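Down below is the structure, laid out as structure tokens.
The values are calculated or read from the model by the stated rules, or taken from the named source; none is laboratory data. The structure presented is a predicted model; accordingly, all values stated were derived computationally and were not measured. Cβ placement follows ideal geometry from the backbone for every residue including glycine, while neighbour counts extend to all protein chains displayed. Surface areas here come from the heavy atoms of the whole protein model, side chains and all, with no ligands, DNA or RNA. Shrake-Rupley method; radii C 1.70, N 1.55, O 1.52, S 1.80 Å.
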Amino acid sequence: MMLPNPKARAARTTPLSAAWPAAVILVACALQAGSCIAASAQAGTAEPSDARGRDTARPKVAAAIRTDHVSIPEHTADEGGQTVAGYPLGPGDRIKAVFYGRPDLNGEYQVREDGIISMPLLGHFRAGGMDIARIEKAMSEKLIEVSGHDAQVSLEISQRRPFYVLGYVNNPGSFPFQFGATVLHAVAMAGGHFRAPAEGGAVNTAREIAELARAQETLARALARKARLEAERDGRDTIVAPKRLNNIARPELVARLPLAEKQLMRERARTLEDTIAGQEALIALSKEQGAELWGQYQQVSKQADFTRGELENVLKLKGKGLVTSTRIFGIRTRAADYEAEARLIKSRIVQTRQTIENASARKTAARNERKIQIEEQLIQIDAQIAQEELLIRKSKRLLQEMTGLSVSSAGQSPLSVSVSYEIVRREGGRNRVIAAEELTELLPGDILRVKTEIEDS
């Protein structure tokens, strides 16, 4: 490697007193090329220039750097978290570029929305999805192509694109990324989990919890009632309690409701049985009365027939003068009485038959009415269940906007607020939803969703 003549350079640019130390240093640099540049600078020597004032030493310095394999350090996470190995850049990231030998290109550049970085002289570079090392290499190659001189490029991320926090936090929004930030850090930066205003917050929450508890108990009772109605409709003696009761009602209520509904079912069944038994008793009594009346009717009819026959015989004897008018009148009177009594008995027999028919109809109607009543009540109970479920969803949604501590401190319902996290991350041109935990680390551009759900404890 050819080095400039130190004596000639000292004669042109420095006093004689400064030339000798510079010459010694340059000789040492020739033996140990790795430290020549720094030693020359400390000695205060000036770099040679041609007659036009252009720098003629810089290409040789670059060559010395290549000879000693000096390269840009690998990008690892420093204390400030400004450089991360393999970290892919994205829109909104800003990088700081340092070109050794071309200070006119130094500066900060931002990745555009299309993932491009624009630089004077060098043009456009695709940075979206690329890491720092690849971009450095591309810029270095481009500078050599444009200027014809070798150059070293050093890039570092001066500002990363923010991440975003949405949902159950006090201050949702965008926040500057910090290396190593976890879900807990992000929630803390967003002001922590949401808390209702101090004034009236606990009161409103307690009121809403009471409303939710009322709706849950009403729903539990409606579900138990529906199970009883279905058992009555199907003719079963047992009630199958729905499994949902365990999720919406207290254990003591879950144990008590089926027993109460079963007792009610027994009472309703007993009432129906009593109604039917009463009609059956009436039918039996009416049949007995009808049989007795029929016997009376037959007897009276025979007497009436006998009296009419006697009257015919007497009327035959009247022409011969053997029977008086008084006797004939008496026989006619008896015949009329028997006929009237027979008609009366026959009327009572008809009434008895009508009673039997009516009792049979009422017995059948009692069963049919109970079936119709059960179907109507099932329709009503389904509507009530739907209404209470709507109220429960509404109360839970409102409680999700209130303080979790107020929910716990109200103590009026076995409820708790469950918090979960998920990250929406852009990867390969698509958004991917990732289930996260409190210690999951975030990346720039991530969207953290903090979700809550009111659960029965």
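When region 318-332 is limited to residues that are more than 19 Å from residue 306 (Cβ to Cβ) and among the small types (Gly, Ala, Ser), the one that is nearest to the chain's Cα centre (by Cα) turns out to be 325.
Return yes when residue 424 is within 19 Å of residue 166 (Cβ to Cβ) and at pLDDT 90 or above and no when it is not. So residue 424 passes the test.
Within region 198-207, is even one residue acidic (Asp, Glu) and either modelled with pLDDT of 80 or more or within 19 Å of residue 391 (Cα to Cα) (or both)? Within region 198-207, none of the residues are acidic (Asp, Glu) and either modelled with pLDDT of 80 or more or within 19 Å of residue 391 (Cα to Cα) (or both). When only residues in region 167-190 that are touching a residue at least 24 places away in the same chain (Cβ under 8 Å) and exposed (fewer than 15 other Cβ atoms within 10 Å of the Cβ) count, which is nearest to residue 87 (Cα to Cα)? Across region 167-190, the extreme among qualifying residues is 180. Of the set (1) at pLDDT below 90; (2) within 30 Å of residue 292 (Cβ to Cβ), all apply to residue 363 but (1).
In region 302-359, how many residues are touching a Phe, Trp or Tyr at 6+ places or on another chain (Cβ under 7 Å) and small (Gly, Ala, Ser)? Spell out how you get there, then give the answer.
Within region 302-359, the first condition is being touching a Phe, Trp or Tyr at 6+ places or on another chain (Cβ under 7 Å), and the residues that meet it are 303-304, 307, 342, 345-346, 349.
From the residues that got through so far, the ones that are small (Gly, Ala, Ser) too are 304, 342.
The qualifying residues number 2.
So, in region 276-329, how many residues would count as being in contact (Cβ under 8 Å) with a residue 40 or more places away in the chain and either touching a strand residue (DSSP E or B) at 6+ places or on another chain (Cβ under 7 Å) or not aromatic (Phe, Trp, Tyr) (or both)?
Taking region 276-329 first, the residues in contact (Cβ under 8 Å) with a residue 40 or more places away in the chain are 276, 279-280, 282-283, 286-287, 289-290, 293-294, 296-297, 300-301.
Pick out the ones that are also either touching a strand residue (DSSP E or B) at 6+ places or on another chain (Cβ under 7 Å) or not aromatic (Phe, Trp, Tyr) (or both) and you get 276, 279-280, 282-283, 286-287, 289-290, 293, 296, 300-301.
Qualifying residue count, region 276-329: 13.
The condition of being open to solvent by less than 100 Å² (accessible area, probe 1.4 Å), in a helix (DSSP H, G or I), touching a Ser or Thr at 6+ places or on another chain (Cβ under 7 Å) and of a type in the set (A, V, I, L, M, F, W, C) does not hold for residue 361.
Tell me, yes or no, whether region 174-191 has at least one residue that is outside any loop (DSSP other than H, G, I, E, B), under 23 Å from the mean Cα position of the chain (by Cα) and modelled with pLDDT under 85.
In the first step, residues of region 174-191 are kept if they are outside any loop (DSSP other than H, G, I, E, B); the result is 174-175, 182-189.
The next check asks that each one be under 23 Å from the mean Cα position of the chain (by Cα); those that pass are 183-184, 186-187.
Still in the list and also modelled with pLDDT under 85: none.
So far as region 174-191 goes, no, none of its residues is outside any loop (DSSP other than H, G, I, E, B), under 23 Å from the mean Cα position of the chain (by Cα) and modelled with pLDDT under 85.
Within region 90-102, the presence of at least one residue that is open to solvent by 60 Å² or more (accessible area, probe 1.4 Å) and out of contact with any strand residue (DSSP E or B) (no Cβ under 7 Å at 6 or more places or on another chain) is confirmed. Taking region 113-127 as the range and being within 14 Å of residue 157 (Cβ to Cβ) and either in contact (Cβ under 8 Å) with a residue 60 or more places away in the chain or assigned to a strand (DSSP E or B) (or both) as the test, only 117 passes. Listed by first and then second residue, the pairs linking a residue in region 361-376 that is more than 20 Å from residue 282 (Cα to Cα) to a residue that is among the aliphatic types (A, V, I, L, M) and assigned to a helix (DSSP H, G or I), with Cβ atoms under 7 Å apart and 6 or more places separating them unless they lie on different chains, are 370/272; 374/229.
Against the conditions (1) within 17 Å of residue 368 (Cβ to Cβ); (2) touching a residue at least 12 places away in the same chain (Cβ under 8 Å), residue 273 satisfies every one except (2). Scanning region 103-112 for residues that are assigned to a loop (DSSP other than H, G, I, E, B) and open to solvent by 60 Å² or more (accessible area, probe 1.4 Å) yields 106, 112.
What do you reckon, is residue 267 acidic (Asp, Glu), open to solvent by 70 Å² or more (accessible area, probe 1.4 Å) and part of a helix (DSSP H, G or I)? Taking the combined requirement at face value, the residue satisfies it.
Scanning region 247-262 for residues that are among the small types (Gly, Ala, Ser) and over 25 Å from residue 235 (Cβ atoms) gives 249, 255.
Taking the condition touching a strand residue (DSSP E or B) at 6+ places or on another chain (Cβ under 8 Å) and assigned to a helix (DSSP H, G or I), does residue 396 pass? Answer is yes for this residue.
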